[in-house]
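Contents: one structure, followed by commentary.
The values are calculated or read from the model by the stated rules, or taken from the named source; none is laboratory data. Remember, predicted model here, so these are calculated numbers, not experimental data. No Cβ is skipped: glycine too gets one built from the backbone with ideal geometry, and neighbour counts run over all protein chains shown. Areas reflect the complete protein model, heavy atoms only, side chains present, ligands, DNA and RNA absent. Shrake-Rupley method; radii C 1.70, N 1.55, O 1.52, S 1.80 Å.
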Amino acid sequence: MGVLFIVSQCLTLAVAALNLKSTFWHALGCSLAVMLTAGDMVISRNGAGYFDYSFGGTLGAAMLDTIRFLLLTRPLEEYRHESDKVPAYQLPYIQRFFWLMSISQRGIGWSFKADHSVPLVEPHHLTRKAFVTSRLRRIFIYYALFEAIQLYIRCNPVFSSQAPLFSQGYFLGWLNIMAIPWRFYAGLNWIHSLLAMIAVGTTLHEPRSWPVPFGQLRDAYTIRRFWGRTWHQFSRYTLTLFGPHRHKRRPWDHASSSDPKGKERDPWIKSYIRLCNAFACSAFMHTCGDVVLQFKIWENALPVVSSQKTNHPNVIGFSVPFFMLQPIGVLIEDAVVEVGKRIGLKKRGWVKVVGYLWVLLWISYSAHLWTQGMKNAILLAYPLPTDGGAKDGISQPRSGLGS
């Protein structure tokens, strides 16, 4: 992580810990923190295209979190950890700072956690020994999967050229599209399991504080459930804060404690607008990855083409279509589900099978533009050598995709 990113995160927590009533100072602190984070996009490089893109997405998420902590919420008043004995705003300043630093992105143990968005740790893994053993097993499984996908990407010549991912036929084209997101899935799983094993093994945390990062694949029989229950939920609360949101609850108020979950059901249109806003914010996060790659492309020397003037290609925006298509898919399936309810269809086995096929086809189709755009952008940012070296991507780990 870049120095500016770390400074911006500390500035965000420092301003939020002051709990100032004036909106002006919050807006000023937010502006400074966002500018520092944006500055890191310009100067930070990881030496590999995929990691540059991931780092840019992290910076985008950090900007949204800054807006969340300084403009959209007052965390010291609106959040509560299950171990808190007094409201956080009554603590000394330095304790408030570290209290804010300990806030879980997924809301585990916090008053804002959504019940269905984070899977629980299995009951037979709640002892430290059983938990560490299970996470060690997950490390081996998902690291092996991660390396297998890495090998597939390095050995497949389509990833070292501008060729379309479907140029190798439908089946291999589908594997090519799924390779990049599944590498992220496997990588996040083994890294998360390693951190969980260390945190629990050293008695720093309890096992129930480290549920697996992804939900069950069997829950993903609709697009809404895929994004809401199966895919990782590290940014869920931040993304859903933008747009229409529920009445702010203060967990230390007596009225809030009598109804801690606030289960009032939103109108469909309000829920759908919130969904659209969440995917728009997710598109923004990933577009920050586009921006980091674009700055790397601008650093590269322009090719010499006779006397014609050439410009660096623009890659900013290739991430947007995939995320903005998701609300359309949800709208389509909501309409189909409503028709199914009206004609009396039940949630039987064959209905779920159709749902799984629908999700698979929709995600793979809509992800095509994203993965193709990412591959091409990384190859532009980290072009392969043209001095007679290997052209199949096997021995080119710094080309980005195979790093």
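Numerical summary
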| read-out | value |
| --- | --- |
| Criterion (within 19 Å of the chain's Cα centre (by Cα), touching a residue at least 40 places away in the same chain (Cβ under 8 Å) and closer than 30 Å to Asn300 by Cβ) met by exactly one of Gly107, Gly60, Gly47 | Gly60 |
| From Gly289, Gly201, residue being small (Gly, Ala, Ser) and either modelled with pLDDT under 80 or surrounded by fewer than 19 Cβ atoms within 10 Å (Cβ to Cβ) (or both) | Gly201 |
| Residue match in the range 234-245 (condition: in contact with a helix residue (DSSP H, G or I) (Cβ under 6 Å, 6 or more places away or on another chain), without any contact (Cβ under 8 Å) to a residue 60 or more places away in the chain, under 20 Å from Gln105 (Cβ atoms) and among the β-branched types (Val, Ile, Thr)) | yes |
| Yes/no for Val330 being modelled with pLDDT of 90 or more, open to solvent by less than 40 Å² (accessible area, probe 1.4 Å) and assigned to a loop (DSSP other than H, G, I, E, B) | no |
| Condition check for Ala33: within 17 Å of Leu239 (Cβ to Cβ), modelled with pLDDT of 90 or more and either polar (S, T, N, Q) or out of contact with any Gly (no Cβ under 9 Å at 6 or more places or on another chain) (or both) | no |
| Residue within the range 390-403 that is at pLDDT 90 or above and either assigned to a helix (DSSP H, G or I) or open to solvent by 30 Å² or more (accessible area, probe 1.4 Å) (or both) present | no |
| The one condition in (1) more than 29 Å from His368 (Cα to Cα); (2) outside any helix (DSSP H, G or I); (3) of a type in the set (Gly, Ala, Ser) that Ala163 fails to fulfil | (1) |
| Residue count for the range 83-114, restricted to those that are closer than 15 Å to Pro251 by Cβ and open to solvent by 70 Å² or more (accessible area, probe 1.4 Å) | 3 |
| Residue check for Phe69: surrounded by fewer than 18 Cβ atoms within 10 Å (Cβ to Cβ) and either among the aromatic types (Phe, Trp, Tyr) or at pLDDT 95 or above (or both) | no |
| Hits in the range 1-16 - residues which are surrounded by fewer than 17 Cβ atoms within 10 Å (Cβ to Cβ) and over 11 Å from Ala62 (Cβ atoms) | Val3, Val7, Cys10, Ala14 |
| Glu77, sole failed condition from (1) in a helix (DSSP H, G or I); (2) in contact (Cβ under 8 Å) with a residue 40 or more places away in the chain; (3) within 25 Å of Met374 (Cβ to Cβ) | (3) |
| Matching entry among Arg154, Arg225 (being closer than 28 Å to Leu357 by Cβ, touching an Asp or Glu at 6+ places or on another chain (Cβ under 9 Å), part of a helix (DSSP H, G or I) and not polar (S, T, N, Q)) | Arg225 |
| Pick from the range 142-172, criterion modelled with pLDDT under 95 and touching a Gly at 6+ places or on another chain (Cβ under 6 Å), ranking: surrounded by the fewest Cβ atoms within 10 Å (Cβ to Cβ) | Phe166 |
| Restricting the range 17-64 to residues that are over 25 Å from Pro383 (Cα atoms) and in contact with a Lys or Arg (Cβ under 8 Å, 6 or more places away or on another chain), the residue that is least open to solvent (accessible area, probe 1.4 Å) | Ala17 |
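Every residue, every condition in (1) open to solvent by 50 Å² or more (accessible area, probe 1.4 Å); (2) within 27 Å of Val158 (Cβ to Cβ); (3) free of Cβ contacts under 8 Å to residues at least 60 places away in the same chain; (4) not hydrophobic (A, V, I, L, M, F, W, C), yes or no:
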site	(1), (2), (3), (4)
Val336	yes, no, yes, no
Gly340	no, no, yes, yes
Ile343	yes, no, yes, no
Trp350	yes, no, yes, no
Val354	yes, no, yes, no
Ser364	no, yes, no, yes
Ala367	no, yes, no, no
Lys375	no, yes, no, yes
